Amino acid sequence: MAEPTKLNALQLLSADHRKVEALFETFEKARGAERKHALAQQICTELRVHALIEEEIFYPSLRGEVDEDMLNEAYVEHDAAKVLINQIEAATPDDDYFEAKVTVLQEEIAHHVSEEERRHGSLFAQARKAGLDLEALGERMNARKLELTALAKRGELPPARPTTFGASSLTGDAMADARRR
């Protein structure tokens, strides 16, 4: 029996990106409220797991090795996505703006993926150039991903919480109130 192929950190994250892109495409083509709801929930779960492995393992390993502004932007992009993820997970397909929220999440994720993966100057390109041990990082990330996926299957995955300074109290209506002040 052949040993499974091990993915380095960038390959693992890229595979996650392709999976979520495919789920968004399936959502766009899907018919029926229940099917769309199930797909939206799956997208949100995949993104929550992905964000956690990036925030717990990948991004911290990049500190001091890549452009700090770009890394900070990645965290903020995650937080923006988490606001929508929480709203989508709490919604039903007949809620106002349900499909619009999934569409905007798709657009935010597409931008975020582009920032991470583009050929020159991306976080991935900078990680390669920094000489990080991407294989060891991939092993750690995959192990954590397996743990988080098991939690998700049991319905025990922690909620999507903002990670950037001050953002934890600014979600949903609180963000709108803060902007009005």
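The values are calculated or read from the model by the stated rules, or taken from the named source; none is laboratory data. Everything numeric here is computed off the predicted structure, so don't read it as measured data. Every residue, glycine as well, gets a Cβ built from its backbone with ideal geometry; the counts of neighbours run over all protein chains shown.
For the reader, a short list of remarks on this structure follows.
- When 6, 36 are checked against the criterion of being of a type in the set (Lys, Arg), touching a residue at least 60 places away in the same chain (Cβ under 8 Å) and surrounded by fewer than 18 Cβ atoms within 10 Å (Cβ to Cβ), a single residue qualifies: 6.
- Residue count for the range 39-49, restricted to those that are touching a residue at least 40 places away in the same chain (Cβ under 8 Å) and either crowded, with 16+ Cβ neighbours inside 10 Å or at positive phi (or both): 7.
- For the range 148-181, filtering for residues that are of a type in the set (S, T, N, Q) and either at pLDDT 95 or above or exposed (fewer than 11 other Cβ atoms within 10 Å of the Cβ) (or both) leaves 2.
- Yes/no for residue 58 being surrounded by 16 or more Cβ atoms within 10 Å (Cβ to Cβ) and closer than 29 Å to residue 139 by Cα: yes
- For the range 22-43, a residue qualifies if it is farther than 14 Å from residue 103 by Cβ and of a type outside the set (S, T, N, Q), and the qualifying residues are 22, 31, 32, 33, 34, 35, 37, 38.
- From the list 46, 56, the one residue that fits, being within 21 Å of residue 107 (Cβ to Cβ), of a type in the set (Asp, Glu) and within 13 Å of the chain's Cα centre (by Cα), is 46.
- For the range 113-124, the criterion of being touching a residue at least 60 places away in the same chain (Cβ under 8 Å), farther than 19 Å from residue 65 by Cα and over 21 Å from the mean Cα position of the chain (by Cα) is met by none of the residues.
- Taking the criterion of being at pLDDT 95 or above, under 12 Å from residue 142 (Cα atoms) and among the hydrophobic types (A, V, I, L, M, F, W, C), the residues of the range 1-55 that qualify are 9, 10, 12, 13, 15, 49, 52, 53.
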